[in-house]
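**Q** Structure in structure tokens, see below.
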Amino acid sequence: MRKLRWIPRSLGIAVTLLCALAATQFLWPQPGITEQSGSTVRQLAFVRESLDAHADSAAQQQFPEGFFFTNVLYGLAWVQTAHTDPELRDQALHEARWALARAESAEGKAAFDSTLRPTYGVFWAGWTTWLRGSILTLDGTDSAERQLFTTRSEEIARAFTASDSPFLSAYPGRSWPVDSTVAMAALRLHDHLLGDRFGAVIDRWLGAVPGYLDPTTSLLPHEVSPFDGSLIEGSRATSQTMIQRFLPEIDRSFTHSQYVAYRRQFVAYPGGFGPAIREYRQGVDGHGDVDSGPLIAGISLSATVVAMGAARVNGDAELAAAIGAEGELVGVPVTLPGTKRYAFGVVPIGDAFVVWSSTARLLTADVSAAPHPLHWWWRAPWLLVLGGVATLPWIAA
């Protein structure tokens, strides 16, 4: 009988210790917008380990661009990491070039149409050109790579110049403005590194885009007609968070108004918990899809993860830190001597998004802090839940 009495007591001790550990992780100071976590290299090691085990091919069975995204985000995260910690430069160059080669391989191109302009569509062209230019920010000595970067950028620029719409096709008959935003950022990166060449194309795009905004949100739409840019679906967080991640690379003045409107309409506190990112703007409910994932009280977990990177490059230190803290609490992080993974590592593409977002930094400009305060009490509901869970076994006992 005495042994049985120790069972609820032992359970209570274990639950209390776990809640105390979770609270410590939640309250631990998060890196600033120009810093990165000390566990970044361990996160990258897990993603590389997963790629070696063909996690990218597995992701392709779940997401339309699963193979491509897992590799590209891994390479970009390494570049961003090396900009913050220059001692990692050589390793970052090796890994980023390896990731770019995979993105440009036959398997990396398989989901895309080579007849589109630019070749394989603006999604594939924009992201690969951005990654190639990002690598050149660490090492610009390879003349062949510089020339290829220019050639790919010229192809993107020609496609924009020939189009009546500022938004090019990613797939036949389908166009999402977020993809053209990434491609335009790649052109800006080219000019930042190699001299002004595409300024007129960028200015034309910036001048045209305000005429195609979603009239309900005053933000870029989620999907438009590939023929004339007319609205098909209004703004959604899945694409908006990515747009806000890249707009600061293109034009800071346009970015500010867009980010303020985005934050006002998509940052939410469902049931008092948050901040988190709604998939649809405040007051509108909708269904999740393969991009947003299942919605929880209207919240998209994938958009919330990407929003951490968007907040960092827009100088929104409070939101970036809050999302990072929530990830350490509800993301079920597992830290081992050589690796760190979230959600027990069952969705490696999610870990790729996390490390890309948590290391986000501008490559064409310097970020400056901007005041975007959160509700001062945002931590309280999380801590109250932890406190309640910690006391339940003792009450039961």
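Just so you know, all these numbers are worked out from the coordinates, no wet-lab data involved. Keep in mind the model is a prediction, meaning the values are calculated, not measured. Cβ placement follows ideal geometry from the backbone for every residue including glycine, while neighbour counts extend to all protein chains displayed.
**Q** Short version: ³J(HN,Hα) in whole Hz for each residue of the range 108-118, in order, from phi by Karplus 6.51 cos²θ - 1.76 cosθ + 1.60 (θ = phi - 60°), x for Gly and Pro, what are they?
**A** Each residue of the range 108-118 in turn: x, 8, 4, 7, 10, 9, 6, 7, 6, 10, x Hz.
**Q** Something else: Let me spell out the model: positive unit charges on the Cβ of Lys and Arg, negative unit charges on the Cβ of Asp and Glu, origin at the Cα centre of the chain. What dipole size does that give, in debye rounded to 20?
**A** Details: 31 positive and 38 negative charges, 281 e Å.
Charge dipole of the chain: 1360 debye, to the nearest 20.
**Q** I want the local charge near F68. Using Cβ-Cβ distances under 11 Å, sum +1 for each Lys or Arg and -1 for each Asp or Glu among the other residues.
**A** Numbers: positive: R102, K109; negative: D56, E65, E104, E107.
Once all neighbours under 11 Å are counted, the net charge is -2.
**Q** Would you list K340, K109 from fewest to most Cβ contacts within 10 Å? It would help to have the intermediate numbers written out before the result.
**A** Numbers: K340 22, K109 18.
If I rank by nearby Cβ atoms, fewest first, I get K109, K340.
**Q** If you plug each phi of the range 268-278 into the Karplus form 6.51 cos²θ - 1.76 cosθ + 1.60 with θ = phi - 60°, what whole-Hz ³J(HN,Hα) values come out, in order, with x for Gly and Pro?
**A** These are the phi-based 3J(HN,Hα) values: 9, 10, x, x, x, 9, x, x, 8, 10, 6 Hz.
**Q** Shifting gears a bit: Order of E35, E104 from fewest to most other C-beta atoms within 10 Å?
**A** The order, fewest Cβ neighbours first, is E35, E104.
**Q** Under 5 Å between amide H atoms, partner at least 5 residues away or on a different chain: which partners does D316 have, H built in plane at 1.01 Å?
**A** HN-HN under 5 Å from D316: A370.
**Q** A further question on this structure: Between V330 and R174, what's the calculated FRET efficiency when r is the beta-carbon distance and R0 is 45 Å? Round to 0.05.
**A** 0.85
**Q** Inverting the mean 1/r over all pairs of different Cα atoms, compute the Kirkwood radius of the range 35-381 and quote it in Å.
**A** Numbers: mean 1/r = 0.0497 Å⁻¹.
20.1 Å is the Kirkwood radius here.
**Q** Please list, ordered by chain and number, the residues whose modelled amide H lies under 5 Å from the amide H of R236; skip anything fewer than 5 residues away on the same chain.
**A** Excluding prolines and chain starts, which carry no amide H, the hits are H222.
**Q** Please give the FRET efficiency for S257 paired with D366, using the beta carbon to beta carbon distance and R0 = 22 Å, rounded to the nearest 0.05. Spell out each step's value before the answer.
**A** On the way: r = 20 Å, r/R0 = 0.91.
Result of the calculation: an efficiency of 0.65.
**Q** Taking the simple approach of a point 7 Å from Cα along Cα-to-Cβ for both E35 and D191, what is their distance in nm?
**A** Modelled inter-label distance: 3.5 nm.
**Q** Tell me, what HN-Hα J-couplings in whole Hz come from the Karplus equation 6.51 cos²θ - 1.76 cosθ + 1.60 at θ = phi - 60° for each residue of the range 294-307, using x for Gly and Pro?
**A** Per residue, the Karplus-derived 3J(HN,Hα) values read x, 8, 10, 6, x, 8, 9, 5, 5, 5, 5, 5, 5, 5 Hz.
**Q** Starting from the 7 Å offset along Cα-to-Cβ, what nm value, one decimal, do you get for the label separation of L17 and L206?
**A** Output for this residue pair reads 5.7 nm.
**Q** Around P226, what is the net charge, scoring Lys/Arg as +1 and Asp/Glu as -1 over all other residues with Cβ under 14 Å from its Cβ? Don't skip to the end; give the middle numbers.
**A** Values: positive: R117, R174; negative: D113, D164, D179, E223, D228, E233.
Neighbour charge sum, excluding P226 itself: -4.
**Q** Something else about it: For every other residue with a beta carbon closer than 10 angstrom to the beta carbon of K340, add +1 if it is Lys or Arg and -1 if Asp or Glu, then tell me the sum.
**A** Working: positive: R42, R341; negative: D351.
Counting the neighbours of K340, the net charge comes to +1.
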